[in-house]
Amino acid sequence: MNRKNILQEGLREVRSPKKPNKYAVVFCTYAGVHTGIKEAYTAGKYMSQFFEHLGLYVLDEWYVVGKFHGWEGGTKYGKLGDISNRPNQQDLDVVYQETLDLLKGLGI
């Protein structure tokens, strides 16, 4: 079955065709109480892959420390120390600025 027939019959193509001028960035917070940032990679990579399946270009991934909701001990005494007030405004400002820089680089 060729591509034209696949599209006419409403079947999904085997590949994930890119959509021009459609972009995504991935932002993931993590508490990392046991192994640090490595605990966030699975979620971030999953989100990236999801956007790529939709045909978007994933420009970057950001992993930012964030408190562990529901476990105060993990928030205060984990591998990263006391992260009760994270992500904070400074963390969010960095992601915002880096996103703007990416968009400027694309001419958007």
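The values are calculated or read from the model by the stated rules, or taken from the named source; none is laboratory data. Every value quoted in this text rests on a predicted model; they were computed, and no experiment measured them. We place every Cβ from the backbone using ideal geometry, glycine too, and count neighbours over all the protein chains shown. Protein only, heavy atoms only, side chains kept; ligands, DNA and RNA dropped before computing areas. Shrake-Rupley method; radii C 1.70, N 1.55, O 1.52, S 1.80 Å.
Would you confirm whether any residue within region 36-46 is at pLDDT 95 or above, among the basic types (K, R) and open to solvent by 70 Å² or more (accessible area, probe 1.4 Å)?
There is at least one residue in region 36-46 that is at pLDDT 95 or above, among the basic types (K, R) and open to solvent by 70 Å² or more (accessible area, probe 1.4 Å).
Give D93, D60, D101 a once-over and let me know the one that is open to solvent by less than 70 Å² (accessible area, probe 1.4 Å) and among the acidic types (D, E).
None of the other options fit; the residue is D60.
What number of residues within region 68-87 satisfy the criterion of being under 22 Å from the mean Cα position of the chain (by Cα), open to solvent by 90 Å² or more (accessible area, probe 1.4 Å) and either within 13 Å of A40 (Cβ to Cβ) or modelled with pLDDT of 95 or more (or both)?
Here the count works out to 1.
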